[in-house]
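Peer 1: Here's a structure for you.
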Amino acid sequence: MPLLRNARITLEMIKWEHSVFALPFALCGAMLAARGAPTLHQLLWIVVAMVSARSAAMAFNRLADASLDAANPRTQARALPAGELTSNFVRNFVGVSSVVFVIAAFELNRLAFLLSPVALAIILLYSYTKRWTRWSHLVLGLALGIAPAAAWIAVRGSLDSRILLLTAAVTFWVAGFDVLYACQDYVFDEQAGLHSIPRYCGIARSLWIARSLHLIMLVLLALLIFAFGLGPLSIIGVAVVFLLLGYEHSLVSKDDLSKLNAAFFTMNGVIAVVFFIFMALDIILQHSGTI
């Protein structure tokens with residue numbers, strides 16, 4: 001059945017299951033803004049906004065990188081270079097996902113709606129940054145990092161500077177694991193004239209840069225706990241994230257990147273979910289008067 005087949009290939013193209021990376025942090029932002037659980041209306045449209053924005057960004061990235069993916073042995077089997085989806089189909093998918101995102105923002109509040117084009121610009125234009133700067137990893141980080149701030153705006157209709165600590169933490173976290181992921185394309189990036197930290201710094205130094213970015217993330221999470229007066233459960237959450245990041249980095253070395261997929265896909269999803277669980281419990285218990 002062509003429709004079901006296209007749906008399956010499309011979901012694989014956008015890696016829908018990886019929505020777990022940013023969604024838990026967005027929900028943290030929403031819960032901090034609501035001082036507990038947001039309303040069902042807010043929760044529904046925040047999730048719709050997150051999934052649709054990420055879907056648009058992933059599909060647009062595949063469209064922008066179609067010729068590069070066709071030339072890279074690691075990515076030649078992706079849907080567009082393999083001919084499983086057409087460029088027109090992907091363009092339409094990006095358009096529909098973007099419209100759904102704007103509708104979700106409209107359903108949340110006026111400020112979210114007014115800022116929706118800005119958010120789309122950030123998450124879509126990232127795809128071209130690797131063509132002119134080695135710091136595209138940080139731009140990708142920002143594309144996901146705006147999620148907590150956007151969720152705060154979705155709940156409050158305004159912005160509090162304290163939530164930018166979580167935005168910055170997610171930015172450095174994503175940038176760190178994107179540097180790790182880019183080590184796989186160290187040779188291809190140089191051949192294709194693309195910019196990345198591994199291309200300029202080599203794999204060994206890039207691994208240390210990724211570790212440094214993740215240490216910055218941990219410091220920012222600690223500052224977030226202090227800024228919001230969070231309790232011991234959030235502190236435990238940061239400690240667990242520290243241990244998980246340590247394990248993630250132990251999976252890769254300059255001489256062995258064979259476990260990089262496990263490090264990238266599995267551990268980062270676990271990190272996001274674990275931090276959300278600890279912080280959510282902390283927020284709920286604090287505002288219920290239990291702790």
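Peer 1: Could you give the dipole magnitude of region 44-179 about its Cα centre, charging the beta-carbon of Lys and Arg +1 and that of Asp and Glu -1, in debye to the nearest 20? Numbers along the way, then the final one.
Peer 2: Details: 11 positive and 6 negative charges, 36 e Å.
Its charge dipole is roughly 180 debye.
Peer 1: Here's another thing I want to ask about it. Compute the accessible area per residue over region 103-225, keeping the other protein chains in place, probe 1.4 Å, unit Å².
Peer 2: Details: 5160 Å² over 123 residues.
For region 103-225, the solvent-accessible area averages 42 Å² per residue.
Peer 1: Given labels modelled 7 Å from the Cα in the Cβ direction, how far is it in nm from ASN88 to ARG35?
Peer 2: Between ASN88 and ARG35, the label points sit 5.5 nm apart.
Peer 1: What spacing in nm lies between the two simple spin-label points modelled at VAL273 and PHE113, each 7 Å away from Cα in the Cβ direction?
Peer 2: The modelled label-to-label distance comes out at 3.6 nm.
Peer 1: Let me ask something else about it. Can you list the residues of region 184-208 with backbone N under 19 Å from a point 7 Å past the Cα of GLN76, pointing along Cα to Cβ?
Peer 2: Counting only backbone N, you get 184-193.
Peer 1: Taking the Cβ of PRO81 as the centre, find all other residues whose Cβ is under 12 Å away and add up their charges (Lys, Arg: +1; Asp, Glu: -1).
Peer 2: Numbers: positive: ARG62, ARG74, ARG78; negative: ASP65, ASP69, GLU84.
Overall, the nearby charge balance is 0.
Peer 1: Keeping the other protein chains in place, figure out the carbon and sulfur percent of the accessible area of region 162-291, with a 1.4 Å probe.
Peer 2: Values: 3900 of 5650 Å².
After summing per-atom areas, the C and S share lands at 69 percent.
Peer 1: Roughly to the nearest percent, how much of the accessible area of region 92-157 is carbon and sulfur, given a 1.4 Å probe?
Peer 2: Details: 2280 of 3070 Å².
So the carbon and sulfur contribution to the accessible surface is 74 percent.
Peer 1: Taking the full set of protein chains and a 1.4 angstrom probe, give the accessible area of VAL240 in square angstrom, rounded to the nearest 10.
Peer 2: Around 40 Å² of this residue is reachable by solvent.
Peer 1: Say a site is exposed when it is one of the trypsin sites (Lys or Arg not before Pro), sits in a DSSP loop, and has at most 15 other Cβ atoms within 10 Å; what is then the longest site-free stretch of the chain?
Peer 2: Numbers: sites that count: LYS15, ARG35, ARG74, ARG131, LYS254, LYS259.
The reported range is 132-253.
Peer 1: Here's another thing I want to ask about it. Any chance you could check the Cα centroid distance between region 16-65 and region 97-160 for me, in angstrom?
Peer 2: Computed from Cα coordinates, the inter-centre distance equals 10 Å.
Peer 1: State, as an integer percentage, the relative contact order of the chain based on alpha-carbon contacts under 8 Å between residues 6 or more apart. Walk me through the numbers before you get to the answer.
Peer 2: On the way: 404 pairs, mean separation 60.9, N = 291.
This gives 21 percent for the chain.
The values are calculated or read from the model by the stated rules, or taken from the named source; none is laboratory data. Just so you know, these numbers come straight off a predicted model, no measurement behind them. Cβ coordinates were reconstructed from backbone atoms using ideal geometry, including for glycine residues, and neighbour counts include every protein chain displayed. Just the protein is used for accessible areas: all its heavy atoms, side chains included, with ligands, DNA and RNA removed. Shrake-Rupley method; radii C 1.70, N 1.55, O 1.52, S 1.80 Å.
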